[in-house]
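Below is one structure, written out as structure tokens, with a few remarks after it.
The values are calculated or read from the model by the stated rules, or taken from the named source; none is laboratory data. Worth saying up front: this structure is predicted, and the values here are computed from it rather than measured. Cβ placement follows ideal geometry from the backbone for every residue including glycine, while neighbour counts extend to all protein chains displayed. Accessible surface areas use protein heavy atoms only, side chains included; no ligands, DNA or RNA. Shrake-Rupley method; radii C 1.70, N 1.55, O 1.52, S 1.80 Å.
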Amino acid sequence: MKYNIVTIFPHLISGYGGESILKRGQNSGAIEICPLDLRVFTQDKHNKVDDTPYGGGAGMVMQVEPIFRALKSIDAIPFSKVDGLTKVKKVFNGSLARKKRTILMSPRGRQFDQSVAEQWSHLDELTIICGRYEGIDQRVVDHLIDEEISIGPYVLAGGELGAMVIIEAVSRLIPGVLGNAESLKDETHNVLVEDGGVESEYPHYTKPADFKGWKVPDVLLSGDHKKIEEWRMEQSKKK
Ligand code: SAH
């Protein structure tokens, strides 16, 4: 899976992406994280990516043109948005076979969750545009992306943290990213098929068995695997 992140702060992406599981995922070749510095796609000498809003009002608005150029350079403008001729050409040269998605981070978008992460873990390429300032020219939303995505009902100063949330949640579902494939089983938000509900992870304990009189439940020290299994199931349902 290749992630393209369009941002004015590429170091925020490479910093977090260069540690822990995302580093391992990149080293193993399972994922590739490619920040695109939006300022590279500007044409004026100040590398300006924003301007004042038409109609007046507070704050600056990110311009459509540098974003258009950035997406075009990596062929990330959705097929549904390109004109008919280009679409036909793309079908013939076979690039439709690559499963791609282009999203804009936005507090008013569809809320990202575990089921979206699961769906996107099967993509070949995910392109994420990170907003800054007051917002983004609406023509980006109308002509250059598949959808707007929010990571939660609050407003951040930029899209970079959201992009990393998505990259981490999606990547850990891709084989070769997590060290131990077992750790994906029995997880919070995994859907329990029999119940049609959501399973919450059971409580974990490790050594020591007694810390300041706070004791690990006896059943976990019993060695009785059947009982332990039942206890965990019960606890996870309770939660
Ligand atoms: N004025 C805008 C907020 C701009 S915040 C409004 O009221 O809607 C600047 C950028 O941060 C946004 O363009 C978006 O890319 C990002 N952002 C802020 N909150 C976010 C959230 N909850 N989820 C995803 N992206 C968010």
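A few remarks follow.
- Checked against the criterion of being open to solvent by 40 Å² or more (accessible area, probe 1.4 Å) and at negative phi, the candidates 37, 50 yield just one match: 37.
- Pair list, Cβ under 7 Å, 6 or more apart: the stretch 151-169 residue over 17 Å from residue 122 (Cα atoms) and assigned by TED's automatic domain parsing to the domain that holds residue 113, other residue part of a helix (DSSP H, G or I) and near the ligand (Cβ under 6 Å from one of its atoms): 151/162; 156/162
- On the stretch given as the stretch 187-209, residues that are surrounded by 14 or more Cβ atoms within 10 Å (Cβ to Cβ), assigned to a loop (DSSP other than H, G, I, E, B) and at pLDDT below 65 total 1.
- Residue count, the stretch 12-28 (criterion: in contact (Cβ under 8 Å) with a residue 12 or more places away in the chain and of a type outside the set (Ser, Thr, Tyr)): 7
- Test: residue in the stretch 15-23 that is open to solvent by 40 Å² or more (accessible area, probe 1.4 Å), among the hydroxyl-bearing types (Ser, Thr, Tyr) and in a loop (DSSP other than H, G, I, E, B): no
- The residue that is nearest to the ligand (Cβ to nearest atom), counting only those in the stretch 130-146 that are open to solvent by less than 30 Å² (accessible area, probe 1.4 Å) and within 19 Å of residue 100 (Cβ to Cβ), is 130.
- Residues in the stretch 23-48 that are in contact with a Lys or Arg (Cβ under 9 Å, 6 or more places away or on another chain) and under 21 Å from residue 123 (Cβ atoms): 25, 30, 31, 32, 33, 34.
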